[in-house]
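A.B. asks: Take this structure, written in structure tokens, and hold onto it; I'll ask about it next.
No value in this document is a laboratory result; all are computed from the given coordinates. In this text the structure is predicted, and so the values were computed from the model without any measurement. Heads up, the Cβs are rebuilt from the backbone with ideal geometry, glycines too, and the neighbour counts pull from every protein chain shown.
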Amino acid sequence: MTTPRERIEGDLKAALKAGEKERVSTLRLLIAAIDNERIRTGETVDEDAFLKLVQKAIRQRRESVEQYRKGGREELAAREEREAEILEAYLPPPADEAEIEAAIRELVAAQGLSGPAGIGPVMKEMLARFSGRADGGTINQIARRVLAGGD
């Protein structure tokens, strides 16, 4: 099985051969982030850590898009959006709300959770289960609705 870094390096070689400059620079930045994480932790970057790195890089680019648009720099915002799209290809397919809601309902029933006190355990379990496939805000919104007894 290949490591995330090896997978990115293979994609980088293909992008170099194809002359895709923007993809090359984005993948090089991702490799640098992987290397920095490996140095910081002293361990090889596993799949979970890789997903977190990719999510962080996407989040940073989305924030940059917002700032560039506020500053009237549409060309830079467009570039950041394209880089985010390149990075999104490394995330697993997102979970749909019905799948998340079903998992939350199952957990709530199994543990007898209810009301605002149930948010903590639900969030902990669901963030682990849907890591890289759903954001915390969506999970929190669905969890609150389910715990409040709403449909």
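A.B. asks: For ALA134, which sequence-distant residues (separation of 5 or more, or a different chain) have an amide H within less than 5 Å of its own amide H, given hydrogens modelled in the peptide plane?
C.D. replies: Placed amide hydrogens put ALA95 under 5 Å from ALA134.
A.B. asks: With P(r) over Cα pairs in 10 Å bins from 0, in percent defined as stated, name the option among (i) 10, 31, 28, 22, 9, 1; (ii) 10, 31, 23, 11, 7, 7, 6, 3, 1, 0; (iii) 11, 36, 36, 16, 1 computed from the structure displayed.
C.D. replies: (i)
A.B. asks: Over the range 1-58, how many percent of alpha carbon pairs lie in each 5 Å bin up to the one with the longest distance?
C.D. replies: Bins of 5 Å from zero give 4, 20, 29, 25, 15, 7, 1 percent of pairs.
A.B. asks: Any idea what angle helix 74-88 forms with the longest principal axis of the chain, computed on alpha-carbon atoms, 0 to 90 degrees, nearest 10?
C.D. replies: 70 degrees
A.B. asks: Could you list the residues of the range 42-60 with an amide nitrogen less than 20 Å from a label point located 7 Å from the Cα of GLN67 in the Cα-to-C-beta direction?
C.D. replies: It comes to 53-60, nothing else.
A.B. asks: Another one. Between helix 97-111 and the chain, what is the angle of the helix's C-alpha long axis to the longest principal axis, kept within 0 to 90° and rounded to the nearest 10?
C.D. replies: Helix 97-111 sits roughly 40 degrees off the main axis of the chain.
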